[in-house]
Amino acid sequence: MIEITHRIALDEREIRFDFVRASGPGGQNVNKLSSAVQLRFDVPGSASLPEDVRRRLIALAGRRVSASGILRIEARRHRTQEANRREAVARLVELVQRAAERPRVRRRTGPPAASRLRRLAAKRRRGETKQARSRPKGADD
């Protein structure tokens, strides 16, 4: 079991690893060994995840999730298969941890009292400026 939070743990049997040849530097090692890791995790089929975490995980993962709900994480930074496997699992754990956090509900707030007073004072000044442009009250031509 892979511990995610105190209430969520992933069963290791739900994770599938495929090993492929990595590109990039590494010389002969890269050409001969399959050290890159492709981790696959079936998000909708996982019994370990609550429904709300599943939805948030699919949304967070974006293009890494296929149309059928399979999350794919590739790790090819390290020279060894084991190090790449650990990195892929760590990235999965981090992604599920972020999905497990409930988003804070935004509550609408009104404008602060000080800004309301500033707005009303500005309206009053503008009105007084316009009032000063009109003809004086006792000056009839």
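The values are calculated or read from the model by the stated rules, or taken from the named source; none is laboratory data. What you are looking at is a predicted structure, and each value in this text was computed from that prediction instead of being measured. Note that each Cβ is placed from the backbone with ideal geometry, even for glycine, and that neighbours are counted across all protein chains shown.
Table for the structure above
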item	result
Any hit, the stretch 75-86, residues being within 19 Å of ALA9 (Cβ to Cβ) and of a type outside the set (Ser, Thr, Tyr)	yes
Within the stretch 97-130, considering residues that are at pLDDT 90 or above and polar (S, T, N, Q), the one farthest from ASP52 (Cα to Cα)	THR129
Residue list for the stretch 2-23, restricted to those being part of a strand (DSSP E or B) and over 22 Å from the mean Cα position of the chain (by Cα)	ARG16, PHE17, ASP18, PHE19, VAL20
Candidate set from the stretch 57-66 (those that are surrounded by 18 or more Cβ atoms within 10 Å (Cβ to Cβ) and assigned to a helix (DSSP H, G or I)); member that is modelled with the lowest pLDDT	ALA61
For ALA100: the one exception among (1) under 23 Å from GLU3 (Cβ atoms); (2) out of contact with any Ser or Thr (no Cβ under 7 Å at 6 or more places or on another chain); (3) of a type in the set (A, V, I, L, M, F, W, C)	(2)
Residue in the stretch 99-108 that is among the hydrophobic types (A, V, I, L, M, F, W, C), more than 30 Å from SER23 (Cβ to Cβ) and part of a helix (DSSP H, G or I) present	yes
Hits in the stretch 67-93 (condition: without any contact (Cβ under 8 Å) to a residue 12 or more places away in the chain and assigned to a helix (DSSP H, G or I))	GLU82, ALA83, ARG86, ALA90
Residues (charged (D, E, K, R) and either in contact (Cβ under 8 Å) with a residue 12 or more places away in the chain or in contact with a helix residue (DSSP H, G or I) (Cβ under 8 Å, 6 or more places away or on another chain) (or both)) located in the stretch 55-66	ARG56
